[in-house]
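Working notes, beginning with the structure itself.
The values are calculated or read from the model by the stated rules, or taken from the named source; none is laboratory data. Just so you know, these numbers come straight off a predicted model, no measurement behind them. Counting neighbours? That spans all protein chains shown, and the Cβs are built from the backbone with ideal geometry, glycine included.
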Amino acid sequence: MKIIKEKSNSNIIIPIEVLKASGLLDSEDIELKTLENAFVLMKGTMNAMELIKLAEGLKSLSEELIVHLAGVCGRCQDCSYCQGLEEFDEIVVPDYLLEEAGIPKDAKLCAYTEEDSGEIIVIQADYDYDIADVPQFVIDIFEMSGICIRELEEKIMREDIVYGD
């Protein structure tokens with residue numbers, strides 16, 4: 001069941017049919033677990049089978065979301081980026097140099113060269129996330145399925161909307 005609820009005031013009202021469909025309507029205690037970009041409303045006490053069914057449902061939702069993202073990124077057309085993806089290069093700069101440059105210690109960095117100068121310029125990236133921030137299981141799924149990882153990274157770096165309107 002999917003219900004889209006827009007914000008109104010500072011409360012979210014959960015319709016009775018949602019509580020019935022989830023089996024929470026008659027539950028004596030309900031627990032709210034927060035996740036990044038979501039929350040899960042669940043029974044506060046469950047037997048083993050109820051807990052297994054909840055875990056299975058969350059796993060199914062996770063798979064649906066990854067399949068959706070794969071569909072948005074599309075199949076790789078044998079690009080050299082995806083074929084050469086072994087591990088991510090990490091730029092490591094000593095803290096004292098970052099401090100001298102006015103760059104926060106936890107900032108994402110990028111590097112480039114000035115043509116024919118022999119110098120490597122390291123600057124603070126103008127994006128918050130890139131492929132190095134993606135959990136390995138997602139990359140593994142995309143590689144095995146032939147989904148374009150370059151497209152995924154571009155969507156991450158540009159902060160494209162990939163789900164919903």
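Structure summary
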| quantity | calculated |
| --- | --- |
| Search result, residues across the range 132-165 that are under 13 Å from Leu69 (Cβ atoms), in a helix (DSSP H, G or I) and not acidic (Asp, Glu) | Phe137, Val138, Ile139, Ile141, Phe142, Ser145, Ile149, Leu152, Lys155, Ile156 |
| Enumeration of residues in the range 71-100 that are at pLDDT below 90, in a helix (DSSP H, G or I) and more than 21 Å from the chain's Cα centre (by Cα) | Ser80, Gln83 |
| Residue list for the range 18-70, restricted to those being touching a Ser or Thr at 6+ places or on another chain (Cβ under 8 Å) and assigned to a helix (DSSP H, G or I) | Ala70 |
| Qualifying residue in the range 27-47 (condition: surrounded by 10 or more Cβ atoms within 10 Å (Cβ to Cβ), out of contact with any Gly (no Cβ under 8 Å at 6 or more places or on another chain), among the hydrophobic types (A, V, I, L, M, F, W, C) and touching a residue at least 24 places away in the same chain (Cβ under 8 Å)) | yes |
| Hits in the range 101-113 - residues which are among the small types (Gly, Ala, Ser) and loosely packed, with under 10 Cβ neighbours inside 10 Å | Gly102 |
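So that you can scan it fast, the table gives a plain yes or no per residue for (1) surrounded by 10 or more Cβ atoms within 10 Å (Cβ to Cβ); (2) among the aromatic types (Phe, Trp, Tyr); (3) more than 11 Å from the chain's Cα centre (by Cα); (4) closer than 17 Å to Cys73 by Cα:
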site: Glu115; (1), (2), (3), (4): no, no, yes, no
site: Val122; (1), (2), (3), (4): yes, no, yes, no
site: Tyr127; (1), (2), (3), (4): yes, yes, yes, no
site: Ile141; (1), (2), (3), (4): yes, no, yes, yes
site: Glu151; (1), (2), (3), (4): yes, no, yes, yes
site: Ile161; (1), (2), (3), (4): no, no, yes, yes
